1. Would a scan of region 12-29 turn up a residue that is β-branched (Val, Ile, Thr), within 18 Å of the chain's Cα centre (by Cα) and open to solvent by 30 Å² or more (accessible area, probe 1.4 Å)?
2. Taking into account only those residues within region 145-186 that are open to solvent by less than 30 Å² (accessible area, probe 1.4 Å) and out of contact with any Gly (no Cβ under 8 Å at 6 or more places or on another chain), which is nearest to ASP107 (Cα to Cα)?
3. Looking at this structure, is ALA242 out of contact with any Leu (no Cβ under 9 Å at 6 or more places or on another chain) and of a type in the set (A, V, I, L, M)?
4. What number of residues within region 8-54 are assigned to a loop (DSSP other than H, G, I, E, B) and at pLDDT below 95?
5. Regarding region 94-109, can at least one residue be identified that is out of contact with any Cys (no Cβ under 6 Å at 6 or more places or on another chain), acidic (Asp, Glu) and within 22 Å of GLY17 (Cα to Cα)?
6. Name the residues in region 55-74 that are open to solvent by 50 Å² or more (accessible area, probe 1.4 Å) and assigned to a loop (DSSP other than H, G, I, E, B), would you?
7. Among the residues of region 229-245, write down those that are part of a loop (DSSP other than H, G, I, E, B) and open to solvent by 50 Å² or more (accessible area, probe 1.4 Å).
Amino acid sequence: MDFGIQDRTAVVTGGAGRIGSADCRTLAEEGANVVVLDVDADGAQEVADEIDETADGGEAMALECDLTDRQDVADSMDEVRDAFGGVDILVNNAAMVDARSRLADYDDDIWNRDVEINLTGTYNISAEVFPEMCDRGWGRVVNMSSMAGWYGGFGQISYSATKAAMIGVGRTMALEGAQSGVTSNVIAPNIVVGQWADMSPDELRENVDEYYARIAEATPMRHLGTEEDVANMVAYLCSEQASYVTGQIVGVTGGIDLFSF
């Protein structure tokens, strides 16, 4: 199926990460020009180089950017405008999820950091590009939430809170963009295979196979999904075919959010 986003320009925050890089590759395969935006400059460049080497879709551009720095965000988006003319698609994927502690023992600095990166970072870049989408009369925004944002997550109060806030941000943007041809939706994924390998508390990394097995057992499909499962939904929500889909929370979960005996 042709998703109708060839030559559109997509910015993916956290584009060097596991899910973010899959989003970048999938959007590029659909013909979009992809900006791999990440504080990890080397990682972003690796993803962009991989996309360009395929020579099978849109162009890729790596940009180092600190989303918590509003001026850095503005300067980075100016570079995107110079290269591609503007942003048509924004995937707010960047986040930190490396803390696990009960509220009584939670680190104030971790709370503040996660709010700044996960939530304020999303606000900074959305405020920079969303008004232009509305002015042009076309745009797609996808906010990456989480099952922890939908249902809470034990020992993850800062992550859960900020991921819940992504739902409110995404649905508010849906309301504000509805009459301007701009859609905004939220994806809440289950854990994907390999997600905890490089971004999680030490306890999870050390016992990762046990945790994967536990979550797979609680999932009606009895297996974990992949980052490509999430990226395919991102691509659909960014497509022309999804032009009447806005303000939705879409679970890519294998059914783990279903009640079952």
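The values are calculated or read from the model by the stated rules, or taken from the named source; none is laboratory data. Just so we're clear, the structure is a prediction, and the values are computed from it rather than from any experiment. Because the Cβ atoms are built from the backbone with ideal geometry, glycine has one as well, and the counts that use them run over all protein chains shown. Calculation scope for accessible area: heavy atoms of the full protein, side chains included, ligands and nucleic acids excluded. Shrake-Rupley method; radii C 1.70, N 1.55, O 1.52, S 1.80 Å.
1. no
2. SER158
3. Working: out of contact with any Leu (no Cβ under 9 Å at 6 or more places or on another chain): yes; of a type in the set (A, V, I, L, M): yes.
In short, yes.
4. Going through region 8-54, the residues assigned to a loop (DSSP other than H, G, I, E, B) turn out to be 8, 14-17, 30-32, 39-40.
Among the residues that remain, those that are also at pLDDT below 95 are: 17.
Counting residues in region 8-54 that are assigned to a loop (DSSP other than H, G, I, E, B) and at pLDDT below 95 gives 1.
5. Yes, region 94-109 contains a residue that is out of contact with any Cys (no Cβ under 6 Å at 6 or more places or on another chain), acidic (Asp, Glu) and within 22 Å of GLY17 (Cα to Cα).
6. Matches in region 55-74: ALA55, ASP56, GLU59, ASP66, ASP69.
7. Matches in region 229-245: GLU240, GLN241, SER243, TYR244.
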